[in-house]
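Chemist: Once you've had a glance at the structure underneath, I'll fire off some questions.
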Ligand code: NAD
């Protein structure tokens, strides 16, 4: 990849939504009669099929009731496997009609990042609560448009950062809040896999759809560092490159970055499609703690300098996440991961990209 990717954005979020009135945390519309909220999965790819639909078989506060897909051949299998009635099957052209369907309370956007804003806004404007996968969207403007649409339609919005629902991650975040091991002196985090995307049509190779390691995997270390530090960076710098140019000529195969905080604290991060990494290390004045691995679906574990073991949680991570998010809707409470958290990461992603284009210059936030 060259440091100068020209991105042709073909999606424009609706101006009307951007112009929507600004509300504080909305007084949301709470579903009446239902014990379990009905969820419609939007985009039936690997994550929806492999993790979310199975997770929704284990949830206590929500269940799978609908699907939105642009691929009609997937419909019979999903209907057969999950008992989804014809009236709850939509495509991207008629998805707005979900507004008239009381079976569905939540739309869960699991399409490629480049179309999250489009789908999330349709869902919010249909009056449905929106769960949106990471990375939230392509840029701050799109993220803000999703937030505005949710507020204007008085629905909840949450981003699918499953790690924030994971118990060991929550323990580490708690150490940061309490400064349990004293002042943090350094943080480092990485998430990446040694993989490949041979299909030229794969969205992970397409800059317009949110491809590249930084959007796909880099948001994990960014989000982990921000929450472990309990601070927002004031400047970032980064370097993006590709080694397998035949696959990743238009997106980054690797990104290294640094986040600078007030008082000289600097965190380092890395992500890639070409190297397996999975850690969060925090060094403090009075000790250290870490998560290794930091973000697998199962088996996140950690330890501390004074011998505290953080053993893997046996529960289904996505089921826990969706139950927490459903409960927040039912009880009209703030969700664990609001839209603003997704926006904060995308702001950093864009600044890292800018820094890489400028040969690693620090970019003030
Ligand atoms: P995928 O390619 O397997 O699935 C994407 C789906 O979107 C496909 O079914 C595809 O048909 C559909 N789609 C709809 N419109 C499309 C378009 N215009 N172009 C391409 N595809 C289109 O991808 P995935 O791995 O399931 O990822 C989907 C989303 O889930 C992404 O945002 C990704 O970052 C996120 N994800 C999150 C996690 C997690 O742990 N939270 C894990 C994997 C993926």
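Chemist: Helix 219-229 versus the longest principal axis of the chain: what angle, 0 to 90°, nearest 10, using Cα atoms?
Modeler: Rounded to the nearest ten degrees, it is 60.
Chemist: Rounded to a whole number, what is D in µm²/s for segment 231-305 from Stokes-Einstein with the Kirkwood radius over alpha-carbon pairs (37 °C, 0.692 mPa s)?
Modeler: Here the translational diffusion coefficient equals 227 µm²/s.
Chemist: Ok, one more. Under a no-solvent Debye model with one identical scatterer per Cα of segment 58-150, what's log10 I(q)/I(0) at q = 0.10, 0.24 Å⁻¹?
Modeler: -0.26, -1.29
Chemist: Take the alpha carbon gyration tensor of segment 219-271, find the square roots of its eigenvalues, order them as a ≥ b ≥ c, and report rounded if a/c is under 1.5; if not, report prolate when a/b exceeds b/c, else oblate.
Modeler: Prolate.
Chemist: Just how far, in whole angstrom, is segment 38-98 from segment 306-353 if you go by their alpha carbon centroids?
Modeler: 22
Chemist: Restricting to DSSP H runs of at least four residues, report the calculated mean residue ellipticity at 222 nm for the chain, -39500 (n - 2.57) per run over all residues, nearest 500 deg cm²/dmol.
Modeler: Calculated mean residue ellipticity at 222 nm is -7500 deg cm²/dmol.
Chemist: Please compute the alpha carbon radius of gyration of segment 161-208, then divide it by the globular-protein estimate 2.2 N^0.38 Å. Two decimals is fine.
Modeler: 1.81
Chemist: When only C-alpha pairs under 8 Å and at least 6 residues apart count, what is the relative contact order of segment 246-293, in percent?
Modeler: The value is 25 percent.
Chemist: Please build a GNM for the chain, connecting alpha carbons under 10 Å apart, and tell me which residue among 312, 233, 221 fluctuates the most.
Modeler: 312
Chemist: Using a Debye calculation, one point per C-alpha and no hydration shell, please list log10 I(q)/I(0) for segment 97-192 at q = 0.12, 0.13, 0.14 Å⁻¹ in order.
Modeler: Once normalised to I(0) and log-transformed, intensities are -0.51, -0.58, -0.64.
Chemist: Right, something else. Suppose the Debye formula is applied to equal point scatterers at every Cα of segment 130-172; what is log10 I(q)/I(0) at q = 0.18, 0.20, 0.24 Å⁻¹?
Modeler: Each listed q corresponds, in turn, to -0.60, -0.68, -0.82.
Chemist: A follow-up question, please. Between rounded, prolate and oblate, where does segment 116-274 land on the alpha carbon gyration tensor, with a ≥ b ≥ c its root eigenvalues, rounded for a/c under 1.5, else prolate if a/b exceeds b/c?
Modeler: Verdict is oblate for segment 116-274.
Chemist: When the convex hull of the C-alpha atoms of the chain is computed, what volume per residue in Å³ does it have?
Modeler: 136
Chemist: Would you mind giving the average projected area, over all directions, of the Cα convex hull of segment 289-365 in nm² with one decimal?
Modeler: So the Cα hull casts an average projection of 8.0 nm².
Chemist: For the chain, what is the percent of antiparallel DSSP beta bridges, rounded to the nearest 5?
Modeler: Antiparallel bridges: around 60 percent, rounded to the nearest 5.
Chemist: Now a separate question. Neighbour counts of other C-beta atoms within 10 Å: give me 272, 355, 196 arranged from fewest to most.
Modeler: With the sparsest Cβ surroundings first, the list reads 196, 355, 272.
Chemist: Something else now. In what sequence do 261, 273, 254 fall when counting other Cβ within 10 Å, fewest first?
Modeler: Exposure proxy ranking, most exposed first: 261, 254, 273.
Chemist: Quick one: compute the contact order of the chain, relative version, from alpha carbon pairs under 8 angstrom and 6+ residues apart, as a percent.
Modeler: The value is 20 percent.
Chemist: Let me ask something else about it. In what sequence do 177, 36 fall when counting other Cβ within 10 Å, fewest first?
Modeler: 177, 36
Chemist: Would you work out if segment 186-319 is rounded, prolate or oblate? Take a ≥ b ≥ c from the square roots of the eigenvalues of the alpha-carbon gyration tensor; rounded if a/c is under 1.5, else prolate when a/b is larger than b/c, oblate otherwise.
Modeler: Because a/c hits 1.5 or more and a/b fails to exceed b/c, segment 186-319 counts as oblate.
Chemist: Quick check: pseudo-label points 7 Å beyond the Cα along Cα→Cβ at residue 305 and residue 171, how many nm apart are they?
Modeler: In this crude spin-label approximation the distance works out to 1.8 nm.
Bear in mind these aren't lab numbers, they're just calculated from the coordinates by the rules spelled out. Because the structure is predicted, anything quoted here is derived from the model rather than measured. Virtual Cβ from ideal backbone geometry, glycine too; neighbours counted across all protein chains shown.
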